[in-house]
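So the structure is just underneath, and the comments pick up after that.
The values are calculated or read from the model by the stated rules, or taken from the named source; none is laboratory data. In this text the structure is predicted, and so the values were computed from the model without any measurement. Reconstructed Cβ throughout: ideal geometry from the backbone, glycine too, with neighbour counts over all protein chains shown. Protein only, heavy atoms only, side chains kept; ligands, DNA and RNA dropped before computing areas. Shrake-Rupley method; radii C 1.70, N 1.55, O 1.52, S 1.80 Å.
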Amino acid sequence: MLGVAQDGGIPQVNVQDDPAWEDESLRRRVVSLGIVDHEAGTRYMFEATPDFREQLHDLNEIAGTEGAPDRIFITHAHIGHYTGLMFLGFESMSAENVPVSVPPMMEAFLTESGPWSQLVDYGNIQLTELLSHQIVPDENGNPSPWGGWYTGFSSEGLRIEAFLVPHRREFAATVGYRIQGPELSVVFIPDIDSWEEWAEWGTPIEDIVMENDIVYVDATFFDDNELPGRDMSAIPHPRVSETMDMFQDYPAEIRQRVRFIHYNHTNPIRYPESEQAQEVRERGFRIAEEGERVCL
Ligand SMILES: [Zn+2]
Ligand SMILES: [Zn+2]
């Protein structure tokens, strides 16, 4: 886990009194996941965030490698999730043909608008848009019952699939990813508008949690009391409290699969000792931490 914060990072710009300006241990990078395939000697990154410099450095330190990731997977076109691609460009590392998998509609967005088009024109990145005709069949050879699955990538022992999720789509669709390793599977859903809407599309989050080992989920806000003076009912994202309620009656082994990411600077779970962070732990769920690792 290379980062856990919402797009704006922690502390967020113009929040002058955030204690993280003084206390570096409270800082959190924007959400990103890295994979190291020790056997193949390859590294993959999910999202290219504004903290891409530090995150690629850490990934290379862990893997004992250097250079750009062997592939980058992007979930959507909001600033915390793709703008780090700029560091691959001419003014920075001048990378060569880094494969970047992007959700539907995002290839056109990056190719047709500057400064991103320069990355394509100069051959710094090579875009592959996830295509709907690449639906992954289930074990019986039928299209996946969840629908809307896309192949992202596969190599020996590792399969990465994408799936559409409901989320504001100004420039491109939004996906989440599922990473299947030799023994464990991990799901990555940093941004989603609501579990209900996704269930209406045919994908209940309960099924995802039941069928996978670790599920990193959108934890932008803790509850509706978080932005004082603002009516939060119109603001999307499942609240941490709501997600916990959904899984409250599940066995402990299932609850601990749920790990919270993408937390906003206002979300009290950013402080490990807050009442809310303690509540998450006591109820059997987890708050993802930067640097945590999972052996796939
Ligand atoms: Zn986001
Ligand atoms: Zn977003």
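Provide the FRET efficiency to the nearest 0.05 for the GLU24-GLU197 pair, computing r from the beta carbons and using R0 = 51 Å.
That gives a FRET efficiency of 0.85.
Ordering THR83, THR111 by how much accessible area each has at a 1.4 Å probe, largest first, what is the list?
Greatest to least solvent exposure: THR111, THR83.
What 222 nm value per residue comes from the helices of the chain, counting each DSSP H run with n ≥ 4 as -39,500 (n - 2.57) and dividing by all residues, nearest 500 deg cm²/dmol?
-5000 deg cm²/dmol
Answer rounded, prolate or oblate for the chain, using the Cα gyration tensor with square roots of eigenvalues a ≥ b ≥ c: rounded when a/c is under 1.5, else prolate when a/b is larger than b/c, else oblate.
Taking the square roots of the gyration eigenvalues as a ≥ b ≥ c, the chain is rounded.
When the accessible area of the chain is split by element with a 1.4 Å probe, what percent falls to carbon and sulfur?
Roughly 48 percent, rounded to a whole number.
Using DSSP to call loops (not H, G, I, E or B), can you name the trypsin sites (Lys or Arg not before Pro) in region 185-278 whose Cβ has at most 14 other Cβ atoms within 10 angstrom?
Passing both the DSSP loop test and the Cβ count: ARG230.
Counting only heavy atoms of protein chains, what accessible area per residue, in Å², does region 1-61 have with a probe of 1.4 Å?
Here the per-residue accessible area is 47 Å².
I need the phi-derived Karplus couplings for region 257-262: 6.51 cos²θ - 1.76 cosθ + 1.60, θ = phi - 60°, integer Hz, Gly and Pro marked x.
With coefficients 6.51, -1.76 and 1.60, one gets 6, 7, 10, 8, 9, 6 Hz.
Sort 192-200, 271-279, 30-38 by the packing proxy (mean of other Cβ within 10 Å over each peptide's residues), most packed first.
Ranked by mean Cβ neighbours within 10 Å, highest first: 30-38, 192-200, 271-279.
Enumerate the calculated ³J(HN,Hα) couplings along region 276-292 in order (Karplus 6.51 cos²θ - 1.76 cosθ + 1.60, θ = phi - 60°), each rounded to whole Hz, writing x wherever the residue is Gly or Pro.
For region 276-292, the Karplus-derived couplings read 6, 5, 5, 4, 4, 5, 5, 7, x, 9, 10, 9, 5, 10, 4, x, 5 Hz, x marking Gly and Pro.
If you filter region 21-91 for GluC sites (Glu not before Pro), then keep DSSP loop positions with at most 13 other Cβ within 10 Å, what is left?
Those satisfying the criteria are GLU22, GLU39, GLU66, GLU91.
Once the dipole of the chain is set up with Lys and Arg at +1 and Asp and Glu at -1 on Cβ about the Cα centre, which of VAL175, MET45, ASN264 lies farthest towards its positive end?
The residue sitting most towards the positive pole is MET45.
Could you work out which residue, out of ASN267, ASN14, ASN124, moves most in a Gaussian network model of the chain, that is, has the largest mean-square fluctuation with Cα springs under 10 Å?
Largest GNM mean-square fluctuation: ASN14.
Please list, ordered by chain and number, the residues whose modelled amide H lies under 5 Å from the amide H of SER32; skip anything fewer than 5 residues away on the same chain.
Close amide H contacts, sequence-distant or interchain: LEU2, GLY3, VAL4.
Amide H neighbours of GLN126 under 5 Å, counting only residues 5+ apart in sequence or on other chains, H built in-plane at 1.01 Å?
VAL98, VAL100
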